[in-house]
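Chemist: One structure, pasted below without further comment.
The values are calculated or read from the model by the stated rules, or taken from the named source; none is laboratory data. Since the model is a prediction, treat every value here as computed from it, not as a measurement. Please note: Cβ atoms are built from the backbone with ideal geometry, for glycine as well, and neighbour counts cover all protein chains shown. Surface areas here come from the heavy atoms of the whole protein model, side chains and all, with no ligands, DNA or RNA. Shrake-Rupley method; radii C 1.70, N 1.55, O 1.52, S 1.80 Å.
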Amino acid sequence: MNAFQGKLQPAVVVHHVTISGGRDYPVVIDSLKTLPTWLGRLGLRQGRCLIVTDEHVARLHLAPLQTLLEATGWLPHVLVLPPGESTKALPYLERIYDEALRWGIDRRTPVLAFGGGVIGDLAGFAAATLLRGLPLVQLPTTLIAQVDSAIGGKTGINHALGKNLIGAFHQPALVLADPSLLQTLPEREWTSGLAEVVKHALIGDPALFELLETRWQDVLQRTPALLPELIARAAAVKIRVVAQDEREVGLRAILNFGHTFAHAIERVAGYGHFTHGEAVALGMLAALWLSHQRHPDLPFDRIRTLLQRLPVSASPAPLNFEALREAMQVDKKTLAGRLRFVLLRRLGEAYLTDKVTEAELQAAWRFACESRRTVVSF
Ligand code: NAD
């Protein structure tokens, strides 16, 4: 295990990511106010920096960040893009290129990705490719981004033929996640991110699972005192995985727990019907059923109960199984025509298999639907 964790003060956690080849960066769970100190510590010299953000984040959180940077000797240039998945596309990448090159950057100019996974992936890819690579600072503002997408160096954009088809690995110089920014997230974005937190608990951290079980109401209500630990523990799972498998040649695939069904659910229901997190919550129920068939000692009822608590806004029952099955077959995670599933051996330990029968798939889907009779209106 390459990641270590040191508590500086009760609310501050620093993880250290060590990627093979000696590349190394901190993932800090702390106030954005510490940004200038961290930039200094990392040897990034004051001067120009490019902030890429979206309209929602700009409206809610940009002014203090800009003021802070200006007060500490930085010259930030801000590019505000429309919010949403459709911004993760070539025209907006070009806008970043145009803006950055016209404004004047050099190879030391940091790109600050201030937003959710969309901004992180897009601005990250711009940083990977401008002048053959600029320093990237991830300032994630959604739960998904803080525990997942800002860490690990996957950057990229979507193509008309599919999601994330164009991209590069570009590790950040720093990830600084300020939990207080999450208080302004819309409810559905929060609960969608919680599905990924539950996923990280199931594949890599039994103590996080217990925290979620025992403090679920606080988790749902985003109790501020709980957030640093929640984020730090969930981020640590991602860090451990990417530190061992930067380029997804093996272990990194376990991050796809619940995703074989989830991608098919999103596709068949129509993108946007279920959030990604809701689809993952349903997919994890199916994966739990498959896991339990092979590993009867799994704490099946406890896991099922936690998965049932994740708010989902619509019933999955109307989705046609045959359509899901077909969608799974064309997913890019299929290898040589065989479906691959991430299953749990025990709480906190996952593995990849392609040995799942058609009858099991149907039964797993029935189980997921039966487990989700209740829906939540947002
Ligand atoms: P997002 O960036 O679209 O953010 C969701 C919404 O929340 C947006 O409307 C945004 O404007 C708003 N928002 C962001 N921060 C806010 C805040 N603090 N307060 C209020 N509103 C705020 O989406 P996301 O869920 O963060 O990320 C999804 C993207 O991440 C997808 O494109 C996915 O492919 C990518 N992803 C990448 C990786 C990776 O390893 N690179 C991993 C997982 C997901």
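Chemist: Evaluate the distance, in nm, between pseudo-label points positioned 7 Å from the Cα of residue 374 and of residue 95 along their respective Cα→Cβ axes.
Modeler: The answer from the label model is 4.2 nm.
Chemist: Using θ = phi - 60° and the Karplus form 6.51 cos²θ - 1.76 cosθ + 1.60, what ³J(HN,Hα) does each residue of region 165-176 get, whole Hz, x for Gly and Pro?
Modeler: 7, 10, x, 8, 8, 8, 6, x, 7, 7, 10, 10
Chemist: Would you work out which of 117, 311, 26 lies farthest towards the positive end of the dipole of the chain, given +1 charges on the beta-carbon of Lys and Arg and -1 on that of Asp and Glu, about the Cα centre?
Modeler: 26
Chemist: How much of the accessible area of region 3-184, in percent, comes from carbon and sulfur atoms when a 1.4 Å probe is used?
Modeler: Details: 4240 of 7710 Å².
Answer for region 3-184: carbon and sulfur cover 55 percent of the accessible area.
Chemist: How large is the accessible surface of residue 275 in square angstrom, using a 1.4 angstrom probe and rounding to the nearest 10?
Modeler: Accessible surface of residue 275 is approximately 30 Å².
Chemist: Follow-up question, since we're still on this one. Mind checking the log10 I(q)/I(0) for region 24-84 at q = 0.18, 0.23 Å⁻¹? Debye, one equal scatterer per Cα, no solvent, two decimals.
Modeler: After summing over all Cα pairs, the log10 values are -0.70, -1.05.
Chemist: Can I ask one more? Keeping all protein chains in place, calculate the accessible area per residue for the chain (probe 1.4 angstrom), answer in Å².
Modeler: Details: 15920 Å² over 378 residues.
With all protein chains present, the chain gives 42 Å² per residue.
Chemist: List every residue whose amide H lies under 5 Å from the amide H of residue 314, counting only residues 5 or more places away in sequence or on a different chain, with H placed 1.01 Å from N in the peptide plane.
Modeler: The answer is 376.
Chemist: Take a quick pass over region 3-184 and tell me how many lysine pairs come in under 25 angstrom between Cα atoms, counting only ones 8 or more apart or on separate chains. Could you put the intermediate results ahead of the total?
Modeler: Working: 7/33; 88/154; 88/163; 154/163.
Taking region 3-184 as the scope, the lysine pair count is 4.
Chemist: Using the Kirkwood radius built from alpha carbon pairs, what does the Stokes-Einstein equation give as D for the chain at 20 °C and 1.002 mPa s, in µm² per second?
Modeler: On the way: Rh = 21.1 Å.
In µm²/s, the coefficient rounds to 101.
Chemist: Can you list the HN-Hα couplings for region 230-243, worked out from phi with the Karplus curve (6.51, -1.76, 1.60; θ = phi - 60°), rounded to whole Hz and with x for Gly and Pro?
Modeler: My calculation for region 230-243 gives 4, 5, 4, 5, 5, 5, 4, 5, 4, 4, 4, 5, 6, 5 Hz in order.
Chemist: Under the Karplus relation 6.51 cos²θ - 1.76 cosθ + 1.60, θ = phi - 60°, what is the ordered set of whole-Hz ³J(HN,Hα) values for region 343-350, x standing for Gly and Pro?
Modeler: Here the 3J(HN,Hα) series is 10, 9, 7, 8, 4, x, 9, 10 Hz.
Chemist: For 77, 15, what's the largest-to-smallest order of accessible area, 1.4 Å probe? Intermediate values should be presented prior to the final figure.
Modeler: Values: 77 45, 15 0 Å².
From most accessible down to least: 77, 15.
Chemist: Starting from 0.36 nm per residue, how many nanometres of slack lie between residue 103 and residue 366 once their C-alpha separation is accounted for? Before the final figure, lay out the partial values.
Modeler: Details: separation 263, 0.36 × 263 = 94.68 nm, distance 5.58 nm.
Residue separation times 0.36 nm, minus the Cα-Cα distance, leaves 89.1 nm.
Chemist: Here is a further query. Among 201, 82, 131, pick out the residue whose Cα is farthest towards the positive end of the charge dipole of the chain, where Lys and Arg carry +1 and Asp and Glu carry -1 on C-beta, about the Cα centre.
Modeler: Sorting the options by dipole projection puts first 131.
Chemist: Per q in 0.14, 0.16, 0.23, 0.25 1/Å, what log10 I(q)/I(0) does a Debye calculation on the alpha-carbon atoms of region 122-201 return?
Modeler: Relative scattering, expressed as log10 I(q)/I(0), comes to -0.52, -0.67, -1.09, -1.15.
Chemist: While we're here: With charges set only on the Cβ (+1 for Lys and Arg, -1 for Asp and Glu), what does the dipole of the chain come to about its Cα centre, in debye to the nearest 20?
Modeler: Roughly 520 debye, rounded to the nearest 20.
Chemist: Work out the length of the dipole vector of region 214-292 about its Cα centre, built from +1 on the beta-carbon of each Lys and Arg and -1 on the beta-carbon of each Asp and Glu, and round it to the nearest 20 debye. Mind dumping the intermediate values first?
Modeler: Values: 8 positive and 7 negative charges, 21 e Å.
Using only the charged Cβ atoms, the result is roughly 100 debye.
Chemist: Note the full-extension length gain between residue 23 and residue 184 as 0.36 nm times their separation in residues minus their Cα-Cα distance, in nm to one decimal.
Modeler: Details: separation 161, 0.36 × 161 = 57.96 nm, distance 3.35 nm.
Contour length minus Cα-Cα distance gives 54.6 nm.
Chemist: Using every Cα-Cα pair within region 58-186, state what percent have a distance larger than 19 Å.
Modeler: Working: 3783 of 8256 pairs.
For region 58-186, the fraction of Cα-Cα distances above 19 Å is 46 percent.
Chemist: 5 Å is the cut-off here: which amide hydrogens, built 1.01 Å from N in the peptide plane, fall below it relative to residue 164, excluding neighbours closer than 5 in sequence?
Modeler: 158, 159
Chemist: With just the Cα atoms defining each centre, how far is region 60-95 from region 156-180? Give it in Å.
Modeler: 15 Å
Chemist: Suppose every K and R has +1 on its Cβ and every D and E has -1 on its Cβ; what is the size of the dipole of region 3-184 about the Cα centre, in Debye to the nearest 20?
Modeler: 420 debye
Chemist: What whole-number distance in Å separates the alpha-carbon centres of region 339-378 and region 271-315?
Modeler: 7 Å
Chemist: Another question about this same structure. Just name one of 179, 295, 105: the one whose Cα is farthest towards the positive end of the charge dipole of the chain (beta-carbon charges, Lys/Arg +1, Asp/Glu -1).
Modeler: Comparing the listed Cα positions along the dipole, 105 ranks first.
Chemist: Hey, rough spin-label estimate for residue 55 and residue 70, points 7 angstrom out along Cα→Cβ, what's it come to in nanometres?
Modeler: It works out to 2.3 nm between the two label points.
Chemist: For an R0 of 56 angstrom, estimate the FRET efficiency from the Cβ-Cβ distance between residue 325 and residue 46 and round to the nearest 0.05. Write down the numbers at each step before the final one.
Modeler: Values: r = 56 Å, r/R0 = 1.00.
The computed FRET efficiency comes out at 0.50.
Chemist: To the nearest 10 square angstrom, how much accessible area does residue 257 have with a 1.4 angstrom probe?
Modeler: Taking all protein chains as shown, residue 257 has close to 0 Å².
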